[in-house]
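Read the structure below first, then the notes.
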Amino acid sequence: MLKEGIVTEEKRNSPTRRLGHFLLCAGLFFLLASASAGMRRPFPANARPGELATKAEDFVGTWRARFKDKTFAVLKLKKDEGSLAGAFAAGDINTNEDGDVVEVVSEANGEQDIQSAKLADGKLSFQVKDEDGPTEFEFTLSDAAHGRLKIMVPPGGPKLNPFAMIKDEAKP
C-alpha cells in the first residue's frame, strides 16, 4: 500500500519481499564464494577447474606483476632437466598498512637466478639470493595465464599481500 509515495511497513516486511532479499543475498554469496574458490585453487591449462597444477610445464613462461602500467616484478621460468629454473627481477614499491601496493618507485631490474625450486601441492617454492641474503617465495597458478606470487616475509616484517602475476603471451 502506498501512502503519499512512501511504502508502508506492511509492504516493506512482506514475506515475498523478504524471500526476494534472501534469494538475492544467497545468490551473491554463492557467486562470490565460487569465484574466490577458483582463484585459490591452481590448475593447469588443460585440466578441469579445481585440479592442482602439478607439472613444471604449467609454470613455464614469463610472469609480470604490474601496478598502474608499471612492472615491479618479473619471474621467468623454464624447464631445466625435469625441474624448474629461471630468474626473478624486482623493482621498488611502497605499500599501505594493509599490505597492498600503492606505488611503484622503480620498475623491475637486475635479474637474480632462482634457487631451490620445488613444486609441491600446487605451489612452486623458490629462493632468490641477493646482498641482503635469501628471500623465499611461493608461486601458485589461478589458471594458465594468472598466478599469485607471495613473498615469505619473516615474522615481525611488514605486511605484504601476494602479487597478481600475468603470463606474457606466447610469441609465435
When the Cα centres of the stretch 145-161 and the stretch 94-112 are compared, how far apart do they sit, in Å?
-> 12 Å
What is the extension gain from V60 to S116, computed as 0.36 nm multiplied by their sequence separation minus the C-alpha to C-alpha distance, in nm to one decimal?
-> 18.6 nm
Residue-ordered couplings for the stretch 124-131, obtained by feeding phi - 60° into the Karplus form 6.51 cos²θ - 1.76 cosθ + 1.60 and rounding to whole Hz (Gly and Pro as x), are 9, 9, 7, 10, 10, 9, 9, 4
Would you mind calculating the gained length between N109 and A87 on full extension (0.36 nm times residue separation, minus the Cα-Cα distance), in nm to one decimal?
-> 6.8 nm
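Mind checking the full-extension length gain between A145 and K70? Use 0.36 nm per residue of separation minus the Cα-Cα distance, one decimal, nm.
On the way: separation 75, 0.36 × 75 = 27.00 nm, distance 1.85 nm.
In short, 25.1 nm is gained.
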Karplus couplings for the stretch 55-68 from phi (6.51 cos²θ - 1.76 cosθ + 1.60, θ = phi - 60°), rounded to Hz, Gly and Pro as x?
-> 10, 4, 4, 5, 9, 4, x, 10, 10, 10, 9, 10, 9, 6
Return the long-range amide H neighbours of I114 (sequence gap of 5 or more, or a different chain), with a cut-off of under 5 Å between placed amide H atoms.
-> G86, A87, F88
For a quick protection proxy, order the peptides 67-74, 56-63 by their average other-Cβ count within 10 Å, most packed first.
-> 56-63, 67-74
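Throughout, read-outs are computed from the coordinates displayed, never taken from laboratory work. Please read all numbers here as calculations on a predicted model, not as lab measurements. In this analysis, Cβ positions are derived from the backbone assuming ideal geometry, glycine residues included, and neighbour counts consider all displayed protein chains.
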